[in-house]
Amino acid sequence: LSAGPTERNYSDEAVLAELNYPLDFNINYLNGWLVAHGKQPFATKRLPGPRDWLFASRAYAQLGLEWPEHAAQIKPERQAALDAVGRDLEQAMKNISTRLTADGPQGNAPLFTEVISNYTRHLGAFDVGLQATQATFVQEQANQRERSTPFDLYGGVEQQLQYRPTDMTNITCAGLRGEASVPAPHNLKNIIPNYNQIALSDYLNVNKVYVCYGGEWTDIRRMCARCSLSAILRVFIQVGFGDSRGFIRVATRSIYAAEREVMESQQPLPRAVAGWEQAPFYKAQFEEQFVNATPAALPPAEASQLAAKISDLENALVGLQQTFDARVKSEMNGGSLKDDTVALAGGKKLLESFVALGMPQALESDDLLRSLLYGNQSLVDDQQVIAAYTRPISTTQLTINPRLELMATATKRHEALGELLTRYTDAINAESYSEPISLINNTRLQMNLSMTLAGIDAGAPPVPGGPDVPGTPDTPGSQRFFLPFVGL
């Protein structure tokens with residue numbers, strides 16, 4: 001009987017590949033994994049694959065029932081040895097769910113706690129790696145745009161940034177005019193409609209914010225032909241938003257200075273600059289004006305243009321999220337997330353294998369248990385991560401972070417599985433539930449019954465001629481019996 005490979009690798013990155021062998025060949029691997037991790041094994045010896053044992057045992061059972069004369073020629077010790085192997089298999093597989101103690105059978109909660117903890121450890125490591133991948137991507141976007149602070153890839157267009165557009169720190173009119181820059185009022189954003197969206201758009205270089213300041217003479221009067229001019233200085237701030245295709249003026253605010261005499265050749269801008277941070281302190285006056293200010297409503301044409309530019313921002317965020325989705329799948333396939341991806345898938349496969357071998361009755365009868373392992377409610381693994389990062393993205397879903405949704409789902413499901421397995425082990429402790437290894441037990445009974453019906457005594461000497469004496473199943477007086485074959 002085959003017992004599977006002998007040289008096995010129990011490292012986290014190797015578990016998935018090792019468990020690609022048929023499940024029945026992995027009974028020794030699962031036992032060895034427990035030993036390698038310092039846990040109590042469920043078997044003390046190397047065991048053959050249950051599938052091979054079933055084939056051999058059912059062959060004996062079939063032979064004993066339909067051709068007893070030939071079965072009688074086989075050494076009884078061979079059937080007894082095969083039955084002993086079945087007994088070892090049955091006990092080992094039962095030990096996965098149930099420990100035999102001095103106080104009676106106890107549910108093997110430590111084993112299931114260990115394999116669930118192993119899965120959650122890999123899930124946590126994958127999550128840490130995924131966060132690092134996202135942080136690296138966001139930092140790359142900031143570096144490309146020469147930004148010193150990050151943005152939130154899933155913060156949506158209304159997210160608040162630490163970032164301030166350049167012209168909102170020092171007013172330069174986006175370099176479009178040659179006048180000297182002056183410090184911007186610290187609360188300038190209070191007068192800008194859709195400020196968060198406009199600032200993010202500037203951050204991502206989708207559209208740019210520009211702020212201009214200036215001065216002009218208003219209410220100019222000449223009292224007489226030989227008199228000097230009298231005028232009021234209007235100091236203003238204008239905020240625009242756009243790109244090379246065109247800017248929209250989104251805010252304008254003014255301060256009117258006291259009436260004064262001016263020379264005809266005197267320009268208003270130098271006076272505005274001179275009084276910006278010195279008397280009469282135009283910057284401070286603007287800041288006082290902006291304390292409780294709210295943005296003014298835009299005319300319909302400008303409002304429509306602003307909405308179109310915010311749509312540009314939404315599409316830019318969609319593009320960034322799609323680019324990051326591709327990055328995640330690339331890193332999972334052969335980059336920084338590859339080892340964590342393989343370990344996560346292996347952790348899930350390991351858990352599935354222990355439940356399948358040790359709790360076949362529960363798995364057969366419990367829909368919830370099956371769904372948590374194999375159905376559409378199954379534990380999160382690499383395939384579900386890939387699906388989450390292949391989702392269609394719309395401008396109405398920009399705040400949906402696949403990682404957060406995945407981890408919330410993963411936590412809910414592994415906690416549900418842990419609670420379900422705990423109920424089973426508690427029921428075993430209370431002796432209200434048992435997990436018989438029925439397939440092996442029934443096969444042993446069939447084999448022993450058929451040998452008994454054939455008149456074979458395991459202690460009797462073999463029939464002369466040995467196991468290779470030819471015969472015919474159609475000997476007069478013989479009767480055929482056929483047992484149904486059930487695959488493992």
(message) If the only charges are +1 at each Lys and Arg Cβ and -1 at each Asp and Glu Cβ, what is the size of the charge dipole of the chain around the Cα centre, to the nearest 20 debye?
(response) 1440
(request) For Ser244 and Leu100, compute 0.36 nm times the residue count separating them, minus their Cα-Cα distance, and round to one decimal in nm. (result) 44.0 nm
(request) Considering Cα pairs under 8 angstrom that are at least six residues apart, work out the relative contact order of the chain and quote it in whole percent. (result) 28
(request) List, in order, the whole-Hz ³J(HN,Hα) value for each residue of region 216-223 obtained from phi through the Karplus relation with A = 6.51, B = -1.76, C = 1.60 and θ = phi - 60°; use x for Gly and Pro. (result) 8, 7, 10, 6, 6, 9, 10, 6
(request) Mind checking the full-extension length gain between Ala297 and Cys224? Use 0.36 nm per residue of separation minus the Cα-Cα distance, one decimal, nm. (result) 22.0 nm
(message) Taking 31 Å as the cut-off for C-alpha to C-alpha distance, list the pairs among Lys75/Lys349; Lys94/Lys412; Lys208/Lys329 that go past it.
(response) Lys75/Lys349; Lys208/Lys329
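At most 16 other C-beta atoms within 10 Å and a DSSP loop state: those are the exposed GluC sites (Glu not before Pro) I care about. Give me the longest piece of the chain that has none. Mind showing how you got there, number by number?
Values: sites that count: Glu7, Glu13, Glu146, Glu158, Glu179, Glu259, Glu264, Glu277, Glu431.
Result, exposed sites excluded: 278-430.
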(request) Of the options Ala296, Gln285, Asn207, report the single residue whose Cα projects farthest towards the positive end of the charge dipole of the chain (beta-carbon charges: Lys, Arg +1; Asp, Glu -1). (result) Gln285
(request) Would you give the gap between the C-alpha center of region 198-231 and the C-alpha center of region 74-96, rounded to a whole Å? (result) 97
(message) Using a 10 Å cut-off around each Cβ, can you sort Val182, Val385 from fewest to most neighbouring Cβ atoms?
(response) Val182, Val385
(message) Relative to 2.2 N^0.38 Å, what does the C-alpha radius of gyration of region 133-208 come to as a ratio? Two decimals please.
(response) 1.18
(request) Could you go through region 238-243 in sequence order and give the Karplus-derived ³J(HN,Hα) for each residue, using 6.51 cos²θ - 1.76 cosθ + 1.60 with θ = phi - 60°, rounded to whole Hz, and x for Gly and Pro? (result) 10, 10, x, 8, x, 9
(message) Can you give me the angle between helix 338-358 and the longest principal axis of the chain, using Cα atoms only, in degrees from 0 to 90, rounded to the nearest 10?
(response) 40
(message) Tell me the angle of helix 27-36 to the major Cα principal axis of the chain, expressed in degrees between 0 and 90 and rounded to the nearest ten.
(response) 60
(request) Would you kindly compute the Cα radius of gyration of the chain and its largest Cα-Cα separation (Dmax), both in Å? (result) 39.9, 148
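No value in this document is a laboratory result; all are computed from the given coordinates. Because the structure is a prediction, the values reported are computed rather than measured. No Cβ is skipped: glycine too gets one built from the backbone with ideal geometry, and neighbour counts run over all protein chains shown.
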